[in-house]
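Trainee: Dropping the structure in here first, questions after.
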């Protein structure tokens, strides 16, 4: 049970009154003659009266639609819920509602280059590219893929695709050939947008050798549109002359007759994005998200939970292979300036992103818990070295942010900001629990459950519990559920992914706790939970303690089957020059024991030189557990560093007491 009585930050009454969240609460009270006094009451109303909530949000956010219809919710089953079944709208039209000279997109690359685009110019670029796609024969329901870095052209390609009712799917250019084919090969795109190269960690990475093979092996592909990133437009055109089906972006656009941008009006559940599970347990699942649900959910999270306004600058460190890219881009619907960065966050120096935050006036800064931990270990203190005058919110996701990470942010980054640890995933292209500008921040906690999301924590008997650990579930349907999985006509894969434990109840696979004041703690993935002596332990509980040990840079923890039970095994990467000896092992064990229980203390502590991760940076406990137990890892293509798995094979330390 969590004991966390004192908040690290609290908004003033004046600040609360100025938020869109509080304005929304007042609007709800006026519209329905209610007296909802605070967020707790507003949240409860939003899950009790979901149809009223989503209808009110539609009006508050000004959703643009040619038809709305009378019905808010048809079928209410999970899976298969039909929200706004009579509505007709276009996702891109809602993101392109502003067409003025304000800056829409700023692009920053690791090599120092910078571009920007106004909302008016963004509209014009989307119009031109949509005309070229239509000229290519792309229409509603066709798939268009991006093998692209996080640059302006990627956003333009997505908007052009979705404006005509086609389906966008993307992954980042650091994927290997098989990783790309495992994804795009399943969904059969007609057009592929791809960069010829990109910058990472001081190097230029050439994509053309991989592109040649990828294009040759996707049978559905009619056109490969190559976007210059690491080369000039002229160099790119010359480099792809012999590449089959390839055309440079500039030539692809120029060859098409101009036509006014028409926004195809589609059903609310019309496919918008195809996204992919990490694929570490087999071929990635292709998760289909609908246009209306994604739009409405992102408007809620941006406008209410992040308080995004036109004068904000929103940054999220992400690649196009992570759902946070899709989440970030929806910020255009708020008229916000989006800052796109591509490259290593620590190149040329650990403070590079904070230099950018000052230069671009970033007000909402999004990153991962791993980045915050690495920044702290590097000894950087942006509060002392940077102004950060505009910064008012910091978002963290990807894995649970430890209590110490929270304290580091307030001590060494900025004292007056809303630190929002957020959690959801590719599965819902959004969040179950996230930040809130009207609530206090407690160390180690996500501030609240999202409006309209009937999130509970259930124990093994299927009973909702507060202040106890259990399974994170969602008991009622919501608009941003997947509309289905690709090539899953009877929803067998979809049901198997979320509804096997309790039919009709979404089980997300997180081990979590709802606190007494309405916050949430995520202890890790349910399938990675350790079970020594039959006691369930979330891996995040151990990572939190290990992060306190100065000598340790990173760690990964698994349960090893041993003599009819499970023992905790901790693998660690140490700082340069540090060796693992008995004293350090004892220090690690004592640190864990002092703040947890004896069952949390690892039976074995093993030094390694690398930890396997997915391409989006998440450590893969299940893959390591499989290797330790001599079981196969089904899809190493999903890993950024699959060679690291060999470090865990046949370890003599794990064959003894």
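Trainee: So which residues in the stretch 477-503 are surrounded by fewer than 18 Cβ atoms within 10 Å (Cβ to Cβ) and outside any helix (DSSP H, G or I)?
Mentor: Once the filter is applied, which keeps residues that are surrounded by fewer than 18 Cβ atoms within 10 Å (Cβ to Cβ) and outside any helix (DSSP H, G or I), the stretch 477-503 yields 487, 489, 490, 491, 499, 500, 501, 502, 503.
Trainee: For the stretch 83-90, does any single residue satisfy the condition of being surrounded by fewer than 16 Cβ atoms within 10 Å (Cβ to Cβ) and either free of Cβ contacts under 8 Å to residues at least 40 places away in the same chain or more than 18 Å from residue 272 (Cβ to Cβ) (or both)?
Mentor: Yes: the stretch 83-90 contains one or more residues that are surrounded by fewer than 16 Cβ atoms within 10 Å (Cβ to Cβ) and either free of Cβ contacts under 8 Å to residues at least 40 places away in the same chain or more than 18 Å from residue 272 (Cβ to Cβ) (or both).
Trainee: If you check residue 347 against the conditions, is it under 20 Å from residue 322 (Cβ atoms), in contact (Cβ under 8 Å) with a residue 60 or more places away in the chain and either within 23 Å of the chain's Cα centre (by Cα) or not in a loop (DSSP other than H, G, I, E, B) (or both)?
Mentor: Taking the combined requirement at face value, the residue satisfies it.
Trainee: Would you check if there is a residue in the stretch 560-568 being part of a loop (DSSP other than H, G, I, E, B) and touching a residue at least 24 places away in the same chain (Cβ under 8 Å)?
Mentor: For the stretch 560-568, residues part of a loop (DSSP other than H, G, I, E, B) and touching a residue at least 24 places away in the same chain (Cβ under 8 Å): absent.
Trainee: Related question: Within the stretch 519-545, which residues are surrounded by fewer than 21 Cβ atoms within 10 Å (Cβ to Cβ), more than 23 Å from the chain's Cα centre (by Cα) and under 28 Å from residue 453 (Cα atoms)?
Mentor: The answer is 536, and nothing else.
Trainee: From 353, 451, which residue is more than 17 Å from the chain's Cα centre (by Cα), closer than 22 Å to residue 512 by Cβ and not assigned by TED's automatic domain parsing to the domain that holds residue 202?
Mentor: 451
Trainee: Separate question: Which residue is farthest from the chain's Cα centre (by Cα), if the candidates are limited to the stretch 556-574 and must be modelled with pLDDT of 95 or more and more than 23 Å from residue 526 (Cβ to Cβ)?
Mentor: 574
Trainee: Go through the stretch 274-308 residue by residue and tally those that are under 14 Å from the mean Cα position of the chain (by Cα) and part of a loop (DSSP other than H, G, I, E, B).
Mentor: So the answer is 2.
Trainee: Continuing with the same structure: Can you report the number of residues in the stretch 357-413 which are assigned to a helix (DSSP H, G or I), free of Cβ contacts under 8 Å to residues at least 60 places away in the same chain and within 17 Å of the chain's Cα centre (by Cα)?
Mentor: Counting residues in the stretch 357-413 that are assigned to a helix (DSSP H, G or I), free of Cβ contacts under 8 Å to residues at least 60 places away in the same chain and within 17 Å of the chain's Cα centre (by Cα) gives 3.
Trainee: I've got another one for you. Tell me which residues, restricted to the stretch 120-142, are under 25 Å from the mean Cα position of the chain (by Cα) and surrounded by 20 or more Cβ atoms within 10 Å (Cβ to Cβ).
Mentor: Across the stretch 120-142, the qualifying residues are 122, 126, 142.
Trainee: Need the failing condition index for residue 456 against (1) outside any loop (DSSP other than H, G, I, E, B); (2) within 28 Å of residue 321 (Cβ to Cβ); (3) touching a residue at least 40 places away in the same chain (Cβ under 8 Å), just the number.
Mentor: (2)
Trainee: Here's something else I'd like to know. With respect to residue 321, determine if the residue is under 30 Å from residue 352 (Cα atoms), out of contact with any helix residue (DSSP H, G or I) (no Cβ under 7 Å at 6 or more places or on another chain), at pLDDT below 95 and not in a strand (DSSP E or B).
Mentor: It is true that residue 321 is under 30 Å from residue 352 (Cα atoms), out of contact with any helix residue (DSSP H, G or I) (no Cβ under 7 Å at 6 or more places or on another chain), at pLDDT below 95 and not in a strand (DSSP E or B).
Trainee: So which residues in the stretch 236-263 are crowded, with 18+ Cβ neighbours inside 10 Å and touching a residue at least 24 places away in the same chain (Cβ under 8 Å), if there are any at all?
Mentor: 236, 239, 240, 246, 247, 249, 252, 253, 261, 263
Trainee: Name every residue in the stretch 34-57 that is out of contact with any strand residue (DSSP E or B) (no Cβ under 8 Å at 6 or more places or on another chain), buried (at least 17 other Cβ atoms within 10 Å of the Cβ) and touching a residue at least 40 places away in the same chain (Cβ under 8 Å), in order of residue number.
Mentor: Within the stretch 34-57, 42, 46, 47, 53, 57 meet the criteria.
Trainee: Do any helices (runs of 4 or more DSSP H) lying entirely in the stretch 207-262 carry at least 1 residues that are within 26 Å of residue 95 (Cα to Cα) and either in the same structural domain as residue 153 (by TED's automatic domain parsing) or over 31 Å from the mean Cα position of the chain (by Cα) (or both), and which ones are they?
Mentor: Qualifying helices (runs of 4 or more DSSP H): 249-254.
Trainee: Further question on the same structure: Among the listed residues 483, 475, which satisfies the condition of being modelled with pLDDT of 95 or more and farther than 21 Å from residue 326 by Cβ?
Mentor: 475
One line per residue, one yes/no per condition, for (1) in the same structural domain as residue 128 (by TED's automatic domain parsing); (2) touching a residue at least 12 places away in the same chain (Cβ under 8 Å); (3) crowded, with 24+ Cβ neighbours inside 10 Å; (4) not in a helix (DSSP H, G or I):
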site: 162; (1), (2), (3), (4): yes, yes, yes, no
site: 168; (1), (2), (3), (4): yes, yes, yes, yes
site: 174; (1), (2), (3), (4): yes, yes, no, yes
site: 178; (1), (2), (3), (4): yes, yes, no, no
site: 183; (1), (2), (3), (4): yes, yes, yes, no
site: 186; (1), (2), (3), (4): yes, yes, no, no
site: 189; (1), (2), (3), (4): yes, yes, yes, yes
site: 192; (1), (2), (3), (4): yes, yes, yes, yes
site: 199; (1), (2), (3), (4): yes, yes, no, yes
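Trainee: Which condition from (1) on the phi > 0 side of the Ramachandran plot; (2) touching a strand residue (DSSP E or B) at 6+ places or on another chain (Cβ under 7 Å) is the one that residue 335 breaks?
Mentor: (2)
Trainee: Could you grab me the full set of residues in the stretch 504-524 that are in contact with a helix residue (DSSP H, G or I) (Cβ under 8 Å, 6 or more places away or on another chain) and either closer than 18 Å to residue 429 by Cα or assigned to a strand (DSSP E or B) (or both)?
Mentor: 506, 507, 508, 509, 510, 511, 522, 523, 524
Trainee: Moving on. Considering only the stretch 130-160, state which residues are assigned to a loop (DSSP other than H, G, I, E, B) and on the phi < 0 side of the Ramachandran plot.
Mentor: 136, 138, 139, 140, 142, 148, 149, 150, 151, listed by residue number.
Trainee: Turning to a different aspect of this structure: Residue 533 - would you say it is farther than 30 Å from residue 76 by Cβ, modelled with pLDDT under 90 and outside any helix (DSSP H, G or I)?
Mentor: no
Trainee: Scan the stretch 425-440 for residues that are surrounded by 24 or more Cβ atoms within 10 Å (Cβ to Cβ) and either modelled with pLDDT under 95 or outside any loop (DSSP other than H, G, I, E, B) (or both) and jot them down.
Mentor: Passing the criteria: 430, 431, 432, 433, 434.
Trainee: Tally up the residues in the stretch 615-643 that are under 19 Å from residue 570 (Cα atoms), surrounded by 19 or more Cβ atoms within 10 Å (Cβ to Cβ) and touching a strand residue (DSSP E or B) at 6+ places or on another chain (Cβ under 8 Å), please.
Mentor: Total satisfying the criteria: 7.
Trainee: If you take the residues of the stretch 267-277 that are closer than 17 Å to residue 65 by Cβ and in contact with a helix residue (DSSP H, G or I) (Cβ under 6 Å, 6 or more places away or on another chain), which of them is surrounded by the most Cβ atoms within 10 Å (Cβ to Cβ)?
Mentor: 272
Trainee: Test of understanding: among 21, 78, which residue is surrounded by 15 or more Cβ atoms within 10 Å (Cβ to Cβ), on the phi < 0 side of the Ramachandran plot and part of a loop (DSSP other than H, G, I, E, B)?
Mentor: On inspection, the qualifying residue turns out to be 78.
Trainee: Output the number of the condition that residue 617 fails; it satisfies all remaining conditions of (1) part of a loop (DSSP other than H, G, I, E, B); (2) more than 30 Å from residue 284 (Cα to Cα).
Mentor: Result: residue 617 fails condition (2) only.
The values are calculated or read from the model by the stated rules, or taken from the named source; none is laboratory data. This is a predicted model, so every value here is computed, not measured. Glycine gets a Cβ as well: all are built from the backbone with ideal geometry, and neighbour counts include every protein chain shown.
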